[in-house]
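One structure is given below, encoded as C-alpha cells.
All of the numbers you see were taken from the coordinates with simple rules; none came from a lab. Note that the structure is a prediction, hence the values are computed from the model and not measured. All Cβ positions, glycine included, derive from the backbone under ideal geometry; neighbour counts span all protein chains shown.
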Amino acid sequence: MNEIGQNPLRRRLAAFRYAFRGVAHFLIKGVHARIHLALATAAIALGFALHINRTEWLAVIFAIGLVFSAEAFNSALEELADAIHPERHPGIGRAKDLAAGAVLLAAIAAAIVGVVIFLPRLLP
C-alpha cells in the first residue's frame, strides 16, 4: 500500500484536494457553472443591498448550493457517459436529459426563492 493509503489523515487531505480540484475544473471548464456563478454573485450582492434577514440568507444560500450541486452532478454524469460511450446512445441521451432536467428544476426553485425574497423589496 502506498504512503497515502496507510495514513488516514493523508487520505482525508487527499480527498479534499481531489474535491477542490473538481470544483476548480467545474468552474473553469463549465460554461453553465460560470453562468450560475454570475447569477449567484448577483443574488448575494442584491441580498446585501436589500438587507435581507438571516432566514432569507439561508434560503438564498441553500438555493445557490442546490443549483451548483445539481450542475456539478450533471457535469460529472456527462463526463462519465461520454467517456464510457462517446457515440450517441438513446439510454445515455435520456440519462443526460434527466440530469439536465434536474438542473432546470433546481434553477426554477432558486428563481422562485429569489422572486419571493427580492421582488417585494424591489416593487413599491
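Exposure proxy ranking for 87, 79, 71, based on other Cβ atoms within 10 angstrom of each Cβ and starting from the fewest, stands as 87, 79, 71. Angle of helix 90-122 to the longest C-alpha principal axis of the chain, folded into 0 to 90 degrees and rounded to 10: 30°. The H on the amide N of residue 7, modeled in the peptide plane, is under 5 Å from the matching H of no residue at least 5 residues off or on a different chain. Assign one of three labels to the chain, namely rounded, prolate or oblate, based on the Cα gyration tensor with a ≥ b ≥ c the square roots of its eigenvalues; rounded applies when a/c is under 1.5, prolate when it is not and a/b is larger than b/c, and oblate otherwise. Oblate is the answer for the chain, as a/c is 1.5 or above yet b/c matches or exceeds a/b. Placing dummy labels 7 Å off each Cα toward the beta-carbon, the span from residue 16 to residue 123 is 4.6 nm. For the pair residue 98 and residue 23 in one chain, pulling the backbone fully straight at 0.36 nm per residue adds 24.8 nm over the alpha carbon distance.
Each of residue 38 and residue 61 was given a label point 7 Å from its Cα along the Cα-to-Cβ line. The distance between the two points is 2.6 nm. Residues 31, 60, arranged from fewest to most other Cβ atoms within 10 angstrom of their Cβ, appear as 31, 60. Only helices enter the 222 nm calculation for the chain: every DSSP H run of n ≥ 4 contributes -39,500 (n - 2.57), and dividing by all residues gives -31000 deg cm²/dmol, rounded to 500.
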